[in-house]
Amino acid sequence: MQYAIHPLNFTTSIAFLFGLSLFANAQLNDWTIQTIAGTGTAGFSGDGGPALEAQLDNPFGVVRGPDDCIWFCEYSGQRIRRIRQDGKIETMAGNGTKGYSGDGGPALNATFNLPHEIRFDKTGNFYVVDMMNHVVRKVDTKTDLISTFVGTGTMGYSGDGDSANKAQLNKPHSIQFGPDGQLYVCDIGNHVIRAVDRTTHRISTFAGTGKAGATPDGSAIFGTPLNGPRSIDFDSPGCLWLATREGNQVFRMDLKSNRIFHMAGTGKSGFDGNGGPAKDATLKGPKGIAIDSQGNVWLADTESHSVRRINAKTGNLELIAGTGKPGDGPDGDPLQCNLARLHGIFVDSDDSVYIGDSEAHKIRVLRKSARRSEP
């Protein structure tokens, strides 16, 4: 026997379910999003003035420095800039010209070729992934002199066991210092992660085989294929988390057991599964990853123009910011804020989340609604 659904009951049911969905999103997404730098127009202007009145050119990696300022790379602008505590902006490295020059001299006179990410060591020096120069460069903050720390400037895959500045890389993208003090490098063109010993300065392959391939869950870290190792970060227990760009997945590497575990993404490109198990969801070219103090994993899911989060307690994938379509804002409700191929993502000590909203040419910050709105 078939039963007819009364139109009123059907409408009421849909409205009820829709209301529950909105309530769930409101509970989940108790965040606000705010622009702290950039006018939305690509360019270079504003040094010495308010960051909100400055023009940025494709901001990528973002991080808080030991000086308590927010630092970021300008991918197309060929510069490293920072937002000071007074809200003003200034350039810290790069003259804005594409190239590979300046080693041994002042960082402001150096040229870069599509800088991707920036990190600081324990002594306050900063390191820049200079992607299309196939190197990682170091700026000594005491002398302001720049040098090449990893790579020769020639694309390739060589040098393991030797000094890192004699090794060849292939379009490195992301770097991070591990709890062991080593510098880990996403050597994405070679489909490996390299590690540089800070004491000996020797480089080795930490993960990957040199060829793209599927990564079986629970396999050994070394000798298992990776598919586009794009972005890395460490959690407080010392595990390395990896987002794979072509692989559209997230993995956790347990350095104690030497095993790699699948944590999110089916491997297919897409933008579904929000609210459900992260392993069953699809990702779309994730190019940034950051871990907060609670162990939640934040993703710059670049090609879906969104910020998504793996909830450490539930294992679910949550949509926190973005609509799935490219655009510019507005600030306020992050689920109504269009983002544009974001790349950089960084979680601060208070769990605020900074975003390099690349093609909107802005730096934004996600904060819990009750928090103060200062940079």
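The values are calculated or read from the model by the stated rules, or taken from the named source; none is laboratory data. Just so it is clear, the structure is predicted and the values come from calculations on it, not from any experiment. Reconstructed Cβ throughout: ideal geometry from the backbone, glycine too, with neighbour counts over all protein chains shown. To get the accessible areas, we keep the full protein, side chains included, count just its heavy atoms, and leave off ligands, DNA and RNA. Shrake-Rupley method; radii C 1.70, N 1.55, O 1.52, S 1.80 Å.
A cut-off of 5 Å between modelled amide H atoms, ignoring neighbours fewer than 5 places along the same chain, links Ala207 with Ile193. Here the relative contact order of the chain, from alpha carbon pairs under 8 Å that lie six or more residues apart, stands at 13 percent. Have a look at Gly40, Gly102, Gly161 and tell me which one the Gaussian network model of the chain (Cα, springs below 10 Å) gives the largest fluctuation. In this elastic network of the chain, the residue with the biggest mean-square fluctuation among Gly40, Gly102, Gly161 is Gly161. Once the chain from Glu90 to Asp68 is taken as fully extended at 0.36 nm per residue, the excess over their C-alpha distance is 6.5 nm. Straight-line reach from Lys284: taking Cα to Cα under 17 Å and skipping same-chain neighbours fewer than 8 places apart, the lysines in range are Lys268, Lys325. Centre-to-centre, using Cα atoms only, segment 203-278 and segment 302-325 are separated by 17 Å.
Kindly identify segment 220-375 as rounded, prolate or oblate by the Cα gyration tensor criterion: order the square roots of the eigenvalues as a ≥ b ≥ c, call it rounded if a/c is under 1.5, otherwise compare a/b with b/c, prolate if a/b is larger, else oblate. Verdict is prolate for segment 220-375. For the pair Asn258 and Lys368, a Förster radius of 35 Å applied to the C-beta separation gives a FRET efficiency near 0.40, rounded to the nearest 0.05. Give me the Debye-computed log₁₀ of I(q)/I(0) at q = 0.13, 0.22 Å⁻¹ for segment 147-213, equal point scatterers on Cα only, no solvent, two decimals. Values returned for q = 0.13, 0.22 Å⁻¹ are -0.29, -0.85. In this rough spin-label picture, where each label sits 7 Å from Cα along the Cβ direction, the Asp180-Ser147 distance is 2.4 nm.
Heavy-atom accessible area, probed at 1.4 angstrom with all protein chains present, ranks Ser349, Ser204, Ser304 as Ser349, Ser204, Ser304, highest first. Per-residue extension of 0.36 nm, minus the Cα-Cα distance of Lys122 and Asp331, leaves a gain of 71.8 nm for this segment. Determine the per residue accessible area of segment 256-306 with all protein chains present and a 1.4 angstrom probe, expressed in square angstrom. Each residue of segment 256-306 exposes 39 Å² on average to a 1.4 Å probe.
Estimated purely from DSSP H runs of n ≥ 4, each contributing -39500 (n - 2.57), the mean residue ellipticity at 222 nm for the chain is -2000 deg cm²/dmol once divided by its residues. If I fit a long axis through the Cα atoms of helix 7-28 and take the longest principal axis of the Cα atoms of the chain, what angle between them do I get, 0 to 90°, rounded to 10? Tilt relative to the chain: about 30 degrees. Longest stretch of the chain clear of exposed loop sites (trypsin sites (Lys or Arg not before Pro), DSSP loop, at most 11 other Cβ atoms within 10 Å, sites excluded): 1-121.
Here the accessible area is traced with a 1.4 Å probe on the protein chains. For the chain, carbon and sulfur cover 52 percent of it. In this structure Glu359 has an accessible area near 90 Å², from a 1.4 Å probe over the protein heavy atoms. Full extension of the chain between Asp348 and Arg198 yields a length gain of 51.5 nm, computed as 0.36 nm times the residue separation minus the alpha carbon distance.
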